[in-house]
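Shown next, in structure tokens, is the structure this report addresses.
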Amino acid sequence: MSYLVLARKWRPKTFSEVVGQQHVLKALINGLDQDRLHHAFLFSGTRGVGKTTLARIFAKSLNCEQGVSSKPCGECQSCQEVDAGRFVDLIEVDAASRTKVDDTRELLDNVQYAPSRGRYKVYLIDEVHMLSTSSFNALLKTLEEPPSHVKFLFATTDPQKLPVTILSRCLQFNLRRLDITQISDHLVKILGKESVEFEHAALIEIARAADGSMRDALSLLDQAISFGAGSITNEQVNQMLGTISQQQVHLLMSALINNDGQNLLQQAQEISAQGRDFKLVLNELLASLQRIASIQLVPDLEHTDEKNFEQFQQLAQQCSPELIQLFYQITLHGKRDLPYASDPQSGFEMVLLRMLSFQPMKIDSDMTDDTPPAPSVTNKTISPNVSQTHYAKTKPIEPVIHHVAESPPPVNDATTEKVTTSNDDKDINSANWLNIIGQLKLTAFTRQLGDNSAFIKFENNQITLAIADGLAHLASDKAQERLTSELSRYLAQDIKLTIQQESQASTATLANERAEQKRSSQQQAVDSIHNDPIVAAIKQTFDARIIESTIKPLN
Ligand SMILES: [Zn+2]
């Protein structure tokens, strides 16, 4: 006896056996049971989601010798002929191969004749959008005045190409792609009936590869059964599909997140040795990253039913959502660029290395305000549990990069030492003025005066300062009085204060120095971003540009 492929052997024979498409079933079943059937249905949807199957059950329901109902007997001659695919009043046409108007005319000429065996003639016209314009016109005439013994089922993968006149005369249904659970659950049932042993993870892989189509899933299942000589294991299915197991995906993700380059390349080597398809491996990575991102960003959603949830949750906790988003983009671009790589393995490795190079830069906790931070993005210190972590954040189009730029040391070290540690020999001069004024405890208003005053001289208990004409209003009596008192306290002697107005603004003020420092550290940050090789890589990879106004020196 010849082997009957699973897709044919297990083709649903009743509406109740159909997987998914409940919205379509409901309309058909209600129509049949209440005898209120539309004469033309349009099913849109991808291949292998059950269009022919529905048409056959529909034809049986209409022509069963027991009467019209949504539950045909399956025993009578009509039912059996439909099931066997040789019922004369079910006319299946592939419009892709019969687009000419003559073909359609020939088909429609016969519409007028009563059915040969049953009550109704059922026309299933697949890929109906492929008909020519004149064919559509011929069809339209029939649809306008359909004989009562005719039902049309049109199927198309591209409903947009159908003329509105046709669309408006059909009851339209979108056949949905089946999800992974719907497919794998169905495979479980079939394998149970076939008495084939299997690993559940293997069926998930098959369901994923089938991409919404039950027919594809069943033919993959056929292959898997013969590949595994009667039983189905995850390893065999991965080998057959060229995919990698969830366990391997998890190992890859762990190595990435733990920044373990050696481990990563070793795994790429193994994947290559196993003859896997790197494009499919990238797909697996994308699916995993998507799951991690949803665990990170929508934690309230019930994820615990998902397979390997705990593993994914662990990964989700080990890195930031931004990093996962970045990895996703890199993987997506890597998949696009894979055909351009010198060979698939090197293309795949570059994707992994690129992700590694974007690992977060971490700043050691001992870098305090006194110490300028690490001078460059590339200078990363990878150590767990550090207090601060900065990520190079990018968006695909316009990356906003928060950059760590070195700030110049705020003071001359020797002077600072003197000011902060020595209480003897207090003096104020042009060299230490900016430091001293910066250290005095001043109220906001007096601070304005101090910060904008330049030092002129200190002689005979008399300190002379200068302030620019435009800022003379800062030198109010009260502010002068407070500054005098604070300087006296600092010097441990009573001093007198004179503030001269200068038409030409002096540059030797704390306010000017700070502005200059700010400008200089901003410039350094901007230069550093422009000269950074990783930023250059981001620009190239994502076709990105730098928005300078978003660059901020940290610290
Ligand atoms: Zn029957």
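Would you check which residues across the stretch 16-50 are at negative phi, open to solvent by 10 Å² or more (accessible area, probe 1.4 Å) and more than 33 Å from the chain's Cα centre (by Cα) and list them? Correct list: Ser16, Glu17, Lys26, Ala27, Ile29, Asn30, Asp33, Gln34, Arg36, Leu37, His38, His39. Taken over the stretch 68-82, the residue count meeting the criterion of being more than 8 Å from the ligand (Cβ to nearest atom), open to solvent by less than 50 Å² (accessible area, probe 1.4 Å) and either in a loop (DSSP other than H, G, I, E, B) or farther than 11 Å from Phe58 by Cα (or both) is 3. Restricting the stretch 463-514 to residues that are among the acidic types (Asp, Glu) and under 17 Å from Asn432 (Cβ atoms) leaves a set whose member that is surrounded by the fewest Cβ atoms within 10 Å (Cβ to Cβ) is Glu513.
Does Arg105 count as out of contact with any Leu (no Cβ under 9 Å at 6 or more places or on another chain) and either surrounded by fewer than 16 Cβ atoms within 10 Å (Cβ to Cβ) or not hydroxyl-bearing (Ser, Thr, Tyr) (or both)? So Arg105 passes the test. Restricting the stretch 52-67 to residues that are of a type in the set (S, T, N, Q) and touching a Cys at 6+ places or on another chain (Cβ under 9 Å) leaves a set whose member that is farthest from the ligand (Cβ to nearest atom) is Asn63. Go through the residues of the stretch 89-98 one by one and say whether even a single one is surrounded by 19 or more Cβ atoms within 10 Å (Cβ to Cβ), more than 30 Å from Gln160 (Cβ to Cβ) and not basic (Lys, Arg). Within the stretch 89-98, one or more residues are surrounded by 19 or more Cβ atoms within 10 Å (Cβ to Cβ), more than 30 Å from Gln160 (Cβ to Cβ) and not basic (Lys, Arg). Against the conditions (1) touching a Gly at 6+ places or on another chain (Cβ under 6 Å); (2) assigned to a helix (DSSP H, G or I); (3) of a type in the set (A, V, I, L, M, F, W, C), Leu442 satisfies every one except (2). Looking only at the stretch 51-66, which residues are at pLDDT 90 or above and open to solvent by 10 Å² or more (accessible area, probe 1.4 Å)? Result: Glu65, Gln66. Is it the case that the stretch 91-102 has a residue that's at pLDDT 90 or above and either away from the ligand (no atom under 16 Å from the Cβ) or farther than 23 Å from Asp158 by Cα (or both)? Scanning the stretch 91-102 turns up no residue that is at pLDDT 90 or above and either away from the ligand (no atom under 16 Å from the Cβ) or farther than 23 Å from Asp158 by Cα (or both). The residue that is most open to solvent (accessible area, probe 1.4 Å), among those in the stretch 249-300 that are in contact (Cβ under 8 Å) with a residue 12 or more places away in the chain and not in a helix (DSSP H, G or I), is Asn258.
When Ser184, Ser195 are screened for being among the small types (Gly, Ala, Ser) and on the phi < 0 side of the Ramachandran plot, only Ser184 passes. Among the residues of the stretch 525-551, those that are touching a residue at least 12 places away in the same chain (Cβ under 8 Å), assigned to a helix (DSSP H, G or I) and open to solvent by less than 60 Å² (accessible area, probe 1.4 Å) comprise Ala525, Val526, Ser528, Ile529, Ile534, Val535, Ala537, Ile538, Thr541, Phe542, Thr550. Taken together, the criteria exclude Val88 from residues that are within 19 Å of Phe152 (Cβ to Cβ), aliphatic (A, V, I, L, M) and within 13 Å of the ligand (Cβ to nearest atom).
If we keep just the residues of the stretch 128-162 that are among the small types (Gly, Ala, Ser) and outside any strand (DSSP E or B), which is modelled with the highest pLDDT?
The residue in question is Ser148.
Scanning the stretch 163-178 for residues that are assigned to a strand (DSSP E or B) and without any contact (Cβ under 8 Å) to a residue 40 or more places away in the chain gives no hits.
The values are calculated or read from the model by the stated rules, or taken from the named source; none is laboratory data. Note that the structure is a prediction, hence the values are computed from the model and not measured. Quick reminder, even Gly has a Cβ in these numbers, built from the backbone with ideal geometry, and neighbours come from all protein chains shown. These area figures cover heavy atoms from the full protein model, side chains too; ligands, DNA and RNA do not enter into them. Shrake-Rupley method; radii C 1.70, N 1.55, O 1.52, S 1.80 Å.
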